[in-house]
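Here is the structure we will look at.
The values are calculated or read from the model by the stated rules, or taken from the named source; none is laboratory data. This structure is a prediction, so every number in the text was calculated from the model and none was measured. Using ideal geometry, Cβ is built from the backbone for each residue, glycine included, and neighbour counts are taken over all protein chains shown. Accessible surface is based on the protein model in full, side chains and every heavy atom, while ligands, DNA and RNA are left aside. Shrake-Rupley method; radii C 1.70, N 1.55, O 1.52, S 1.80 Å.
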Amino acid sequence: MKCALITGGSRGIGRAICIKMAAQGYYVLVNYKSNTEEADKTLLQIQQNGGNGELLQFDVADKDQINQALGSWIEANLEKHIEVLVNNAGIRDDSLMAWMAEEQWDNVLKTNLDSFFYVTRLVLNSMLTRKYGRIINVVSLSGLKGLAGQTNYSAAKAGVIGATKALAQEVGRQGITVNALAPGFIKTDMTQDLDEKELKAIIPVKRFGLPEEVAHAAAFLASSESAYITGQVLSINGGLYS
Ligand code: NAP
């Protein structure tokens, strides 16, 4: 059975990607941190559309939880193969560098960057054995451009972009592609404190994007036809400078 694991699938962009992957025929593993109610809604929407999957709760910022929950799932489900991994879970915790607490730096780096390493390495082995895989990392315009007030988040996302390009070179000959999606402003819980009316003035298409528009790009990179696209960062930002 072909599976897609989407981290942070309970809400926002991750939920839209889960639904899209299910529509492409994947059995979807919906990871989330704590919001079981919202994760259930994602799974329900998948099932209502005729798809299938299951919840897989673990904190991507905690390597022991990753090893325990994801490691055990892989061992217990040898007939299921994770063909698509979307490293989507992320947080921001903004502050000017001068006032940034160590905890803000550590949490954002652990959740957005370290998670890439600890989740991906568990999934990579079976992709290498099967000589097929699609790894998609959700980064950000902040990781390309750098954004004031987000030294932690910009550093983490830029780190994932570097890792994307490096891993793409390591596993290209084994049929595995590794790409990144770099959203600009997308309407989710993460951006609900931002003023869309004010910010849309600087976005060429004059609006925030929708999670489904990011999911569309994820499905494109996840398809078997995208075999010759790897090590790339695809911006989804309505034409905002990247
Ligand atoms: P969101 O609406 O805040 O949803 C975040 C998701 O990540 C939730 O499913 C949450 O699970 C999960 N999550 C957070 N921390 C986690 C952890 N430690 N372990 C496991 N799951 C965790 O965020 P979003 O806007 O959809 O963002 C998704 C990705 O896109 C992030 O990587 C973000 O940096 C990136 N991005 C977003 C925007 C934007 O404008 N929205 C722009 C650029 C990049 P719970 O429900 O359990 O909390």
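Computed from backbone phi with θ = phi - 60° and the Karplus coefficients 6.51, -1.76 and 1.60, the 3J(HN,Hα) list for region 27-43 is 7, 9, 8, 9, 8, 7, 8, 9, 8, 4, 4, 6, 4, 4, 5, 4, 5 Hz; x is used for glycine and proline.
Comparing L167, L113, L85 in a Gaussian network model of the chain (Cα springs below 10 Å), the most mobile by mean-square fluctuation is L167. Taking H placed 1.01 Å from N in the peptide plane, check which residues at least 5 places from I236 or on another chain put their amide H under 5 Å from its amide H. Those qualifying (amide H under 5 Å, at least 5 residues apart or on another chain) are A182, G184. Using R0 = 30 Å, the C-beta based FRET efficiency linking V205 and E75 works out to 0.05.
For T36 and A148, the difference between the fully extended length at 0.36 nm per residue and the C-alpha to C-alpha distance is 37.0 nm.
Counted residue by residue at 0.36 nm each, then reduced by the alpha carbon distance between them, the extension gain from L44 to D93 reaches 14.6 nm. Evaluating 6.51 cos²θ - 1.76 cosθ + 1.60 at θ = phi - 60° for every residue in region 52-66, the Karplus couplings come out as 8, x, 7, 7, 9, 7, 6, 8, 5, 8, 10, 5, 5, 5, 4 Hz, glycine and proline recorded as x.
For the chain, state the semi-axes of the equivalent ellipsoid (square roots of 5 times the eigenvalues of the alpha-carbon gyration tensor), sorted largest first and rounded to whole angstrom. Let's see the in-between values first.
Values: eigenvalues 142, 75, 70 Å².
Output for the chain: semi-axes of 27, 19, 19 Å.
So what's the angle, to the nearest 10 degrees on a 0 to 90 scale, between helix 115-130 and the longest Cα principal axis of the chain? The two axes meet at around 30 degrees. What the chain shows is 48 Å² of accessible area per residue, with the surface traced by a 1.4 Å probe over protein heavy atoms. Using a simple spin-label model with pseudo-atoms 7 Å out from Cα toward Cβ, L128 and Q57 lie 3.3 nm apart.
Within the listed set M21, M97, M127, the residue fluctuating most in the Gaussian network model of the chain (springs between alpha-carbon atoms under 10 angstrom) is M97. Each label point was placed 7 Å from the Cα along the Cα-to-Cβ direction; for I229 and N67 their separation is 3.6 nm. Each residue of region 140-146 was assigned a 3J(HN,Hα) from its phi angle through the Karplus expression (A = 6.51, B = -1.76, C = 1.60, θ = phi - 60°), giving 6, 3, 4, x, 8, 9, x Hz with x at Gly and Pro.
For the listed peptides 175-187, 37-49, a ranking on the average number of other beta carbons within 10 Å per residue, highest first, reads 175-187, 37-49. Cross-link reach is defined here as a Cα-Cα straight distance under 25 Å, omitting same-chain residues fewer than 8 places apart; for K131 the lysines meeting it are K2, K20, K80, K165.
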